[in-house]
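Engineer: Structure below; questions to follow.
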Amino acid sequence: MYEKIVGFMPDLLAHVKNNEMIDTVGNIRQSGRIILKQGMVIDPKNKVEEVRDIAMLNGEIAETASSIKEESGDIVVNCEGLLVVPGLIDMHLHLGDLFEVTTNPIFCAVEDGVTMGLSPGAGNTFMAPSLLGAEVDHGLPINIGVYLGAANILGTMLSTEELIRLFKGELDEETASRKMTRNGITNTTAALTVGIKDHMGHFIMSDENIERIYEVTDGAHLLYMSHTQDPAHASRLASLARGRRLHLAHATAAGCGTHMGAAEGMKMVLDLVNGENITAEFVTTMLRSGRGSREGLQLPKESQRLAYDALESGKVKILISDGQNEATMKGFGDTRDDIPAMLELAESGVLSLSDAIACMTKNPAELFARTTYNNWWNEKVGHLGVGALGNVTVIDKDDKLATYTFVNGEMVAFENRIVRRGIGAGGWVSRFGMIRKTGVGDLAMFNYNR
């Protein structure tokens, strides 16, 4: 009836032979490598833009070459016709915020190619690292970190100098217990942050308190991120910086016309950016043809043109999502627009493809390396060189989606769906680098024996 014989696949799949179950996979000598074959590698930091193979082993990039010889047990992923780029760093992405009970913004971000998300919670307290860190311990498919809320940082009895000592890991137990909190878990983990965020929409601080935050972030080498939707507020923060570092969050929001003329507000904020101590970021959703989220803010064409000019000139070098739109604490955009926005910036000639990819890989890593004085950010993330963490985003440039997402050498998403065995691949990120567990989520289960 059928001419072609399909046959069996005994070298690949478990099967039964001679009344015995054969564990084919278990009998393969495992090299442990994942090899991404023949993708178009775009690695801005290492100035690579060519078809290459990339091998990952033990959570890191082990080898890159024009061709890597496969060994028994290698997991080989065909990337022919796809873009292979460093894992996307979304340095302003609301994750695990407030009453997040029905949506999955963390998993959505990974499906969209994000491998590291840094979350500026609406009211992040000193408890944020322990609360979200426990989620990492329970298993998340992403490298995640938080910014603490500026007003909440000043809500304890700690002096400015004591706050600096806290974030440097130098504050003694007695002072923390008397002047910060009676919660030992919070005292222990409070310093595990990447920066401090001034939430203009929620709190307005005095000049004296803003000065204290600058002293803390400058002394402890933390990123100070501020709102820009109200250009006057951004100008106030910039005037108080006096050479200290300030990062202007979602600067495209200033061009949406909520607080003054749209183009006037956009220009006012862009004039503050000098690329040295004052930097800025743009929301990917607002750079697309729709000009923003219809349930959020829309960026008029004139403001959008100013944003394109700032990217083209190199004044602004970082893109973020500020998502997710479906989340309880939504921002101004969505991670679904990260990859399309970068590709469209290249297609329209605003940026080269490499420069567009750099806006969510190399550039944020370099900003954190400069701010934290920690070269871990340059060495381990934002590029695909040997020794970097195995964070890789593989993109189909035709449908503008992430085909594969790898976090710390594990496949965590495939064709916009979570790979469940990779749910625990992520780690906790602070200004000091990354750890795989905080230990908070395991306290009730067991103790780690030394």
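The values are calculated or read from the model by the stated rules, or taken from the named source; none is laboratory data. Bear in mind that the values here come from a model prediction, so they are computed numbers and not experimental data. Positions of Cβ are generated from backbone atoms using ideal geometry, with glycine treated the same way; all protein chains shown enter the neighbour counts.
Engineer: If we scan segment 158-166, do we find a residue that is within 30 Å of THR393 (Cβ to Cβ), at pLDDT 95 or above and touching a Gly at 6+ places or on another chain (Cβ under 7 Å)?
Structural biologist: No, segment 158-166 contains no residue that is within 30 Å of THR393 (Cβ to Cβ), at pLDDT 95 or above and touching a Gly at 6+ places or on another chain (Cβ under 7 Å).
Engineer: Restricting to segment 259-295, give me the number of residues that are surrounded by 20 or more Cβ atoms within 10 Å (Cβ to Cβ) and either in contact with a Gly (Cβ under 8 Å, 6 or more places away or on another chain) or among the acidic types (Asp, Glu) (or both).
Structural biologist: Here the count works out to 11.
Engineer: Just one of ALA413, ALA358, ALA327 is more than 13 Å from PRO86 (Cβ to Cβ), under 16 Å from the mean Cα position of the chain (by Cα), touching a residue at least 24 places away in the same chain (Cβ under 8 Å) and buried (at least 19 other Cβ atoms within 10 Å of the Cβ); which is it?
Structural biologist: None of the others qualify; the one that does is ALA413.
Engineer: Here is a further query. Picking from LEU171, LEU95, which residue would you name as being of a type in the set (A, V, I, L, M, F, W, C) and without any contact (Cβ under 8 Å) to a residue 24 or more places away in the chain?
Structural biologist: Within the list LEU171, LEU95, the selection yields LEU171.
Engineer: Further question on the same structure: Quick test for you: out of ILE210, ILE185, pick the one residue that is in contact with a Lys or Arg (Cβ under 9 Å, 6 or more places away or on another chain), surrounded by fewer than 22 Cβ atoms within 10 Å (Cβ to Cβ) and not in a loop (DSSP other than H, G, I, E, B).
Structural biologist: After applying the criteria, what remains is ILE210.
Engineer: Out of everything in segment 296-324 that is over 18 Å from PRO340 (Cβ atoms) and either part of a loop (DSSP other than H, G, I, E, B) or hydroxyl-bearing (Ser, Thr, Tyr) (or both), what residue ends up being modelled with the lowest pLDDT?
Structural biologist: Filtering first and then ranking leaves LEU297.
Engineer: Do you know which of the residues in segment 192-225 that are in contact with a strand residue (DSSP E or B) (Cβ under 9 Å, 6 or more places away or on another chain) and among the β-branched types (Val, Ile, Thr) is farthest from MET434 (Cα to Cα)?
Structural biologist: ILE210
Engineer: I would also like to ask the following. Do any strands (runs of 3 or more DSSP E) entirely within segment 1-52 hold 3 or more residues that are surrounded by 12 or more Cβ atoms within 10 Å (Cβ to Cβ), and if so, which?
Structural biologist: Hits in segment 1-52: 34-43.
Engineer: Which numbered condition trips up GLY243, out of (1) of a type outside the set (Ser, Thr, Tyr); (2) within 23 Å of the chain's Cα centre (by Cα); (3) in a loop (DSSP other than H, G, I, E, B)?
Structural biologist: Going through (1) of a type outside the set (Ser, Thr, Tyr); (2) within 23 Å of the chain's Cα centre (by Cα); (3) in a loop (DSSP other than H, G, I, E, B) one by one, GLY243 breaks only (2).
Engineer: What number of residues within segment 134-153 are assigned to a loop (DSSP other than H, G, I, E, B) and surrounded by fewer than 20 Cβ atoms within 10 Å (Cβ to Cβ)?
Structural biologist: Of the residues in that region, 0 qualify.
Engineer: Also, quick follow-up: Mind counting the residues in segment 63-96 that are part of a loop (DSSP other than H, G, I, E, B), over 27 Å from ASP11 (Cα atoms) and at pLDDT 95 or above?
Structural biologist: 6
Engineer: Inside segment 246-259, can you point out the residues that are of a type outside the set (Gly, Ala, Ser) and either in contact with a Cys (Cβ under 6 Å, 6 or more places away or on another chain) or in a loop (DSSP other than H, G, I, E, B) (or both)?
Structural biologist: Once the filter is applied, which keeps residues that are of a type outside the set (Gly, Ala, Ser) and either in contact with a Cys (Cβ under 6 Å, 6 or more places away or on another chain) or in a loop (DSSP other than H, G, I, E, B) (or both), segment 246-259 yields HIS250, THR258, HIS259.
Engineer: Then there is this: Taking segment 155-175, which residues are more than 30 Å from the chain's Cα centre (by Cα), assigned to a helix (DSSP H, G or I) and of a type outside the set (Asp, Glu)?
Structural biologist: Once the filter is applied, which keeps residues that are more than 30 Å from the chain's Cα centre (by Cα), assigned to a helix (DSSP H, G or I) and of a type outside the set (Asp, Glu), segment 155-175 yields only THR175.
Engineer: Among the residues of segment 100-125, which ones are part of a loop (DSSP other than H, G, I, E, B) and either aromatic (Phe, Trp, Tyr) or modelled with pLDDT under 95 (or both)?
Structural biologist: GLU100, VAL101, THR102, THR103, ASN104, GLY121, ALA122, GLY123, ASN124, THR125
Engineer: To continue, here is another question. Considering only segment 399-409, state which residues are of a type outside the set (Lys, Arg), in a loop (DSSP other than H, G, I, E, B) and either surrounded by fewer than 23 Cβ atoms within 10 Å (Cβ to Cβ) or free of Cβ contacts under 8 Å to residues at least 24 places away in the same chain (or both).
Structural biologist: Matches in segment 399-409: ASP399, GLY409.
Engineer: Just to confirm my filter: which strands (runs of 3 or more DSSP E) fall fully inside segment 410-450 and include at least 3 residues that are modelled with pLDDT of 95 or more, closer than 24 Å to CYS108 by Cβ and not aromatic (Phe, Trp, Tyr)?
Structural biologist: Answer list for segment 410-450: 410-414.
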